[in-house]
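The values are calculated or read from the model by the stated rules, or taken from the named source; none is laboratory data. Fair warning: this is a prediction, and the values are worked out from it, not measured in the lab. We place every Cβ from the backbone using ideal geometry, glycine too, and count neighbours over all the protein chains shown. Side chains included, ligands, DNA and RNA excluded: accessible areas come from the protein's heavy atoms. Shrake-Rupley method; radii C 1.70, N 1.55, O 1.52, S 1.80 Å.
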Amino acid sequence: MSRMAAGQSAGGATLQAVRGYWEALRQNGSLPRRDQIDPRGLAMALDKVFLVERIAAGQARFRLAGMQLNDLMAMDVRGMPLSALFDPAARTRLAAELEQLFAAPSVLEIWLEAERGVGRPALSARMLLLPVIGSGGEPGLALGCLVAEGSLGRAPRRFAIAGMVRELIAQPALRVMPETELVAEPLQPAPPRSFGKPALRLVSSRD
């Protein structure tokens, strides 16, 4: 039976390193883009990180995944739903939190406990999900990391949710032009706003 991780402290450090890399990619408080993510920047956790994309309300599937995810499921998880890692009782709650992660957006951390049985010893894990936008600014992606502690045993291993924390991400503040910058001009349709970069334009129609 293989050992999944050295311990909770090592796992916590790995999650912090992945979160730190993600934070470093944020520019002016906006979300990182998919094309900014360089595997070399995640070398400390490359076998534990993954990328998922939203495919429907509350549903996401793996686009990329490290070897630890494949070991847990005893197969290549690319193209599979993220919910495949969870037991059926946990999937409804996972779906609700995933939808909030993409809509808000927010950071999601989940504490997990695997089911036990013959050939399946104690196995716990922590999962971190960090929202990312596509190269063109489209929402619906998340960078993830899963660190586990315990013996893998007989795969596949699926998890129940033992705890969960969702952290709302601060977005760039709206910039309101000073009164001296107001210019009278005809009202026009507002241009589309790129995800994660809200903007406010004031128009004055003084007499």
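When you work out D = kT/(6 pi eta Rh) for region 35-149 at 25 °C and 0.890 mPa s, using the Kirkwood radius from C-alpha pairs as Rh and the Stokes-Einstein form, the result is 168 µm²/s. Taking Ile37, Ile110 and ordering them by how much accessible surface each has at a 1.4 Å probe, largest first, produces Ile37, Ile110.
Can you compute the FRET efficiency between Ser135 and Ala155 using 1/(1 + (r/R0)^6), with r the Cβ-Cβ distance and R0 = 30 Å? Round to the nearest 0.05. Please report the intermediate quantities before stating the final value.
Working: r = 34 Å, r/R0 = 1.13.
Taking R0 as 30 Å, the efficiency between Ser135 and Ala155 is 0.30.
Between amide H atoms placed 1.01 Å from N, distances below 5 Å from Arg120 occur with Arg154, all of them 5 or more places distant or on a separate chain. If you look at the Cα atoms of region 102-149, you get an Rg and a Dmax of 14.9, 48 Å. Potential lengthening of the chain between Ile55 and Arg40 amounts to 2.7 nm, from the contour at 0.36 nm per residue minus the alpha-carbon distance. Model label sites at Met67 and Arg26, defined 7 Å from Cα along the beta-carbon direction, differ in position by 3.3 nm. A crude spin-label estimate for the pair Asp87 and Asp47, with each label 7 Å from Cα along the Cβ direction, gives 2.7 nm. On a per residue basis, region 19-91 carries 49 Å² of accessible surface, using protein heavy atoms and a 1.4 Å probe. A Förster radius of 22 Å combined with the Cβ-Cβ distance from Glu115 to Met80 puts the calculated FRET efficiency at roughly 0.75.
For region 7-58, count the residues as N, evaluate 2.2 N^0.38 Å, and divide the Cα radius of gyration by that value, please. Don't skip to the end; give the middle numbers.
Values: Rg = 12.7 Å, N = 52, 2.2 N^0.38 = 9.9 Å.
Working it through for region 7-58, the quotient is 1.28.
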